[in-house]
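J.: Submitted below is the structure of interest, expressed as structure tokens.
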Amino acid sequence: YDLLPEQAERMATSTLRPGASLRRAIQVFGSVIAISLFLKKLLLRKGDVAPCKHCQRTLVMNGKEAPYDATKELPKAVRQFYRRPLPDVGGAVVAFASKRGRELFQEALAKGYLRCFFPLIQQFRTQDEPAYCGVSTLAMVLNALSVDPGRLWKGPWRWYSEEMLDCCRPLDYIQTNGLTFDEWNCLAVCNGVKTRGIRASESSVEEFRKHIKEACVEGGEAPTKTSEEIKNRVKTSYDA
């Protein structure tokens, strides 16, 4: 175009004005983002992968990636629940973390009835399988008693975990069927501890409480055994 001198001067000044190029770049960048979001929505309508907005994960369903949805329900045929309420039996079952549970804990601690609690709570673990209650309990007890398994757990560490307790029954059997009372005792003996199994039919509530008291009390209030004899014992109530 044939421009007058003053027009050419104004155009040159406008083109070289500081910040003009930056503003133009921002405008272009904003347009690109808007187009990208539009295309993403368009693709999602066609059923493409939608990552979780929190962790960007996707699920694979039926061989194809599908949007990750943490709230997606399982098939209705699968019976499911998140936790379960404690049975209401007139206050006889108390939640450990409840106000009443904390009161009972403080009372027991003050009276010296929590001697074996602390070695056990240091080794507390939740079971890896629904039927692993027996092996999980035994792993806790063996570690609480400082029993050396004599074999490696992971790396250089010798430690008990559920997968190491496969002596009397293979783990795939235990995973499906669990352990009976006798099998649990057998597994404990196989791992170097002495057991004495007492069935409910062979005992009484009073005798059961006596044995629990011997294992839990501090200061020799009730035990008939010496403190050294009792120190390395853990009583386990196992409902098979």
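J.: Given a 1.4 Å probe and heavy atoms of the protein chains only, how would you sort ASP172, ASP148, largest accessible area at the top?
T.: ASP172, ASP148
J.: How do LYS99, LYS154 stack up against each other in accessible area, from largest to smallest, with a 1.4 angstrom probe?
T.: If we order LYS99, LYS154 from most to least accessible, we get LYS99, LYS154.
J.: How far apart, in nm, are the 7 Å Cα→Cβ label points at VAL189 and PHE117?
T.: 3.4
J.: Could you pull the accessible area for THR137 with a 1.4 Å probe, rounded to 10 Å²?
T.: 40
J.: Roughly speaking, to the nearest percent, how much of the stretch 78-195's 1.4 Å accessible area is carbon and sulfur?
T.: Answer for the stretch 78-195 is 57 percent, counting heavy atoms of protein chains only.
J.: A further question follows. If R₀ is 22 angstrom, what is the calculated FRET efficiency for the pair VAL93 and SER146, using the beta carbon separation as r and rounding to 0.05?
T.: 0.10
J.: Given the alpha-carbon gyration tensor of the stretch 117-225, what are the semi-axes of its equivalent ellipsoid in whole angstrom, ordered largest first, with each equal to the square root of 5 times an eigenvalue?
T.: 26, 19, 12
J.: Let me check something: with ligands and nucleic acids excluded, how do TRP157, TRP184 order by accessible area (1.4 Å probe), largest to smallest?
T.: TRP157, TRP184
J.: Something else: Take LYS213 and VAL78, extend 7 Å from each Cα along the Cα→Cβ direction, and tell me the distance between the two endpoints in nm.
T.: According to this spin-label approximation, the distance is 4.9 nm.
J.: OK, next. What distance in nm lies between label points placed 7 Å from Cα along the C-beta direction at ILE198 and ARG102?
T.: So the two model labels end up 3.4 nm from each other.
J.: Relative contact order of the stretch 137-216, please, whole-number percent, based on alpha carbon pairs below 8 angstrom and at least 6 residues apart.
T.: Computed value for the stretch 137-216: 20 percent relative contact order.
The values are calculated or read from the model by the stated rules, or taken from the named source; none is laboratory data. Here the structure is a predicted model, which means the values were calculated and not measured. Note that we place each Cβ from the backbone using ideal geometry, even for glycine, and neighbour counts take in every protein chain shown. To get the accessible areas, we keep the full protein, side chains included, count just its heavy atoms, and leave off ligands, DNA and RNA. Shrake-Rupley method; radii C 1.70, N 1.55, O 1.52, S 1.80 Å.
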